[in-house]
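Read the figures in this text as sums done on the coordinates, not as results from a lab. Everything numeric here is computed off the predicted structure, so don't read it as measured data. Cβ sites come from the backbone with ideal geometry, for glycine too, and all protein chains shown count toward neighbours.
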Amino acid sequence: MSNYDEIKVTIFKYFDGLCKADRGMLEEAFAVDAGHMKGYLKNDKDGYDMSVRPMNEVIDDWASRDPAPDMKGKIISINIFDDVAATALFDFNGIFTDSFQLAKVDGQWKIVNKFYINR
């Protein structure tokens, strides 16, 4: 499988894991111990608030939610820099744009950082 296809699989492990509240899929997608999630959420003052959390906390939250199988997601772009580094943009349900930094860890592509903005 090409790096491009492997990255697609990793991104959809994240998305499907989130939709299904499946901890195993989420932990396969992320470099859990090293990863972070940062992003902007809209606030009630027509602005944004920054959120920064380690991935292990985020996955705990996601895995405890009720499944939401009706969400939609699509890859906007994937940029591979070499055999161990890439970035990707993802449209999450038309509400969030996710930007992923990915690294090949022990031979598998993992999301090491996620940055998002709530549109």
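Listed values, structure above:
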item: Which of 92, 15, 81 has the fewest Cβ neighbours within 10 Å, and the rest in rising order; result: 81, 92, 15
item: Folded to 0 to 90 degrees: helix 55-64 orientation relative to the chain principal axis, Cα; result: 70 degrees
item: At R0 = 41 Å, FRET efficiency that the Cβ-Cβ distance of residue 105 and residue 42 yields, to 0.05; result: 0.80
item: Estimated FRET transfer efficiency (residue 23, residue 87; beta-carbon r; R0 35 Å; 0.05); result: 0.90
item: Charge context of residue 102, other residues only, Cβ under 14 angstrom, K/R +1, D/E -1; result: -2
item: Between the stretch 15-36 and the stretch 54-76, the alpha-carbon center distance in angstrom; result: 8 Å
item: Cα→Cβ-extended label distance, 7 Å offset, between residue 12 and residue 49, nm; result: 3.6 nm
item: Which of 71, 1, 25 has the fewest Cβ neighbours within 10 Å, and the rest in rising order; result: 1, 71, 25
item: Gain on full stretching of the segment that runs from residue 57 to residue 2 - 0.36 nm per residue minus C-alpha separation; result: 16.7 nm
item: With Cα atoms, 0 to 90° folded angle of helix 3-20 axis to the chain main axis; result: 40 degrees
item: Amide hydrogen neighbours beyond the local backbone of residue 35, cut-off 5 Å, H modeled; result: 55
item: Virtual paramagnetic centre 7 Å along Cα→Cβ of residue 79, amide N under 14 Å, in the stretch 95-119; result: 99-102
item: Straight-distance crosslink candidates among lysines, where the alpha carbon sits under 24 Å from residue 74 and sequence neighbours closer than 8 are dropped; result: 8, 13, 20, 38, 42, 104, 110, 114
item: Cα pair distances in the chain, grouped into 5 Å bins until the bin that holds the longest one, percent each; result: 2, 12, 21, 25, 22, 11, 4, 1, 0, 0
